[in-house]
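K.L.:
Got a structure here, written out as structure tokens. Questions coming.
The values are calculated or read from the model by the stated rules, or taken from the named source; none is laboratory data. Bear in mind the structure is a predicted one, so any value in this text is a computation, not a measurement. Because the Cβ atoms are built from the backbone with ideal geometry, glycine has one as well, and the counts that use them run over all protein chains shown.
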């Protein structure tokens, strides 16, 4: 796909996303529904579309971020301004002139608010729309050539214009079905978001909302009916809602708090209910205040409540997941939830720092957390490591000399990047079997990784420390040798993490990011776990063929050809976004697969786009790969729920997701064969992606990957027992 074609498609996506982003979505089907809804009033719909074109074109010409334009960030506020002006005024040359410059003004306000509010890591929501429309409406009071529109007064005339007598009869039948007043107000409130004040637009939006997100649909009902109940309890005049349809403030607040900016859960649902009275108070108060200005409050209560609540959450010191803020936005409550649950299971609740085992080769855990000897109370989260031989002993010969012990004099490595906080050296190594109680920790290095995370490595060999206080060390750098100083009867390495820099500080419960565990000759990859006593552990021993095969370089193009005489091709380009996230993008479909390469491990984080792309299958088949070959190693992981499921069970799961997950998606990778040819080594891996559903058979896809000549040579796919499809890499660039 040529770059200019991608730019053109990106621009078109920006137009569609400007519609759906009003509901915090980038779903194209939902966007088309909303676009159609705006044209229930042709003048308003045309004005909204022209406003988007104005804002996005100027943003594009001004060189603003193309990804933000494509996602609709700079268009949706201009859209709302255009819809509002189009509903209030009749079409004329003067009107379109005012419209264009109002859209431009809204774009400028959007960019300013992005900078000002963005400093606090808060969204600007629809505040630019409010300022843009308010300023435009106040200014037009002096523009004598603009004509006020009478549309919206005679609903039957508008229905006749839309679809003749058939539409009129359908409209009248719908009004006579005896729908509860609350439901009528709900539909009209949905339509009012796009300045449409009768039932049909709201009904279509509700259908689109249900299609886009079951959680968002439930939240819209929860927010609206929580407000409806509150108004009844306090005896407020519900005609206020039914006349101006500003009930959409409750709907948008519920979706924003319940599932977009907050991970959906019973905590977020509860906060939707608790924030409803606050929204009602603001709505009523601002209505009284703005009446004197002859302006509507529109979405002002929604903006204030959401921004206040998100700002308040930033001051929490405890209960950070009750409710939990969305870290990476996927523009869907379901995807936000499924991705977060998957991330917690894969990586746990951890800081971004990844810590590795501080040694080379295999070491045994002779004392783990809550150990029987010294790892107690404030020092319970620590490890003692030693090296064992094939006979299970930690020494050779009689074990009377320090040199008899396998761990003695072995290199000690920095577990992560950091600054050397302090070095304690000069303490003699104890003879085997003796301890030094005066200098309990012996020779010790403390490394500062972050302001509140330090690592301490103790019992080091005297005068073996190779670093000094204040110097910077890289992860894996040799910093000392293992010794037997301090309270250490035999050579071993004591490792702990702590929040303060002093030697002997209380320990923190921090796991190691990735390591290989060996139990009875079986190798298992452990991720973000804590080694246990008697476990033999090691860092991943890298295989150069696997490392090079997954060494994707930005700008590189990877091309696969379907096996056969006239096989079609699929090509991917390695790219980096503005947040420094790396991803593969399919040139044929535009699909994206985001990944992380940690040097000894490759894994995908999430996928966007068509499931018909070969990239989707590669995402499933290479979901996680370690760059070390361990024969008969089985690596397991799990996918987010939405990645593999598209059936009625998924719709039910979406509704229950904030409270219960019953669909399970799993991944396994088996290391099958290594041909140890020095000139042309070859590796074969087999993986499987599987979905399990209650009471029925799920989907299963099998893959085989063959590596040679420093690349993925072939990739074979077999879905649910069908004939396999083989793809061969056609070039490397």
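K.L.:
Every residue in the stretch 585-605 that is within 25 Å of residue 540 (Cβ to Cβ) and in contact with a helix residue (DSSP H, G or I) (Cβ under 6 Å, 6 or more places away or on another chain), please. Spell out the reasoning first.
P.N.:
Quick first cut of the stretch 585-605, residues within 25 Å of residue 540 (Cβ to Cβ) only: 593-605.
Answer for the stretch 585-605, where residues must be within 25 Å of residue 540 (Cβ to Cβ) and in contact with a helix residue (DSSP H, G or I) (Cβ under 6 Å, 6 or more places away or on another chain): 593, 604.
K.L.:
Looking at the stretch 576-602 only, could you name the residues that are buried (at least 16 other Cβ atoms within 10 Å of the Cβ) and free of Cβ contacts under 8 Å to residues at least 60 places away in the same chain? Step through it out loud before you land on a result.
P.N.:
Residues of the stretch 576-602 buried (at least 16 other Cβ atoms within 10 Å of the Cβ): 582-595, 600-602.
582, 583, 584, 585, 586, 589, 591, 592, 593, 594, 595, 602 - these are the residues of the stretch 576-602 that are buried (at least 16 other Cβ atoms within 10 Å of the Cβ) and free of Cβ contacts under 8 Å to residues at least 60 places away in the same chain.
K.L.:
Test of understanding: among 236, 216, which residue is touching a residue at least 40 places away in the same chain (Cβ under 8 Å) and in a helix (DSSP H, G or I)?
P.N.:
Only one candidate passes the filter, namely 216.
Residues checked against (1) touching a strand residue (DSSP E or B) at 6+ places or on another chain (Cβ under 6 Å); (2) closer than 24 Å to residue 579 by Cα:
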position	(1), (2)
348	yes, yes
362	yes, no
377	no, no
387	yes, no
399	no, no
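K.L.:
Also: Among the residues of the stretch 699-727, which ones are part of a loop (DSSP other than H, G, I, E, B) and either under 20 Å from residue 603 (Cβ atoms) or touching a residue at least 40 places away in the same chain (Cβ under 8 Å) (or both)?
P.N.:
Across the stretch 699-727, the qualifying residues are 699, 710.
K.L.:
OK, next. Could you tell me which numbered condition residue 507 fails, if it satisfies all but one of (1) touching a helix residue (DSSP H, G or I) at 6+ places or on another chain (Cβ under 8 Å); (2) under 30 Å from residue 710 (Cβ atoms)?
P.N.:
(2)
K.L.:
A further question on this structure: Within the stretch 588-600, how many residues are at pLDDT 90 or above and either within 14 Å of residue 347 (Cβ to Cβ) or in a strand (DSSP E or B) (or both)?
P.N.:
Residues flagged as at pLDDT 90 or above and either within 14 Å of residue 347 (Cβ to Cβ) or in a strand (DSSP E or B) (or both) within the stretch 588-600 amount to 6.
K.L.:
On to the next question. Any chance the stretch 337-349 includes a residue that's at pLDDT below 90 and in a loop (DSSP other than H, G, I, E, B)?
P.N.:
Yes, the stretch 337-349 contains at least one residue that is at pLDDT below 90 and in a loop (DSSP other than H, G, I, E, B).
K.L.:
For the stretch 357-374, state whether one or more residues are within 30 Å of residue 29 (Cα to Cα), buried (at least 20 other Cβ atoms within 10 Å of the Cβ) and in contact (Cβ under 8 Å) with a residue 24 or more places away in the chain. Can you show your working first?
P.N.:
First, the residues of the stretch 357-374 that are within 30 Å of residue 29 (Cα to Cα): none.
Looking through the stretch 357-374, none of the residues is within 30 Å of residue 29 (Cα to Cα), buried (at least 20 other Cβ atoms within 10 Å of the Cβ) and in contact (Cβ under 8 Å) with a residue 24 or more places away in the chain.
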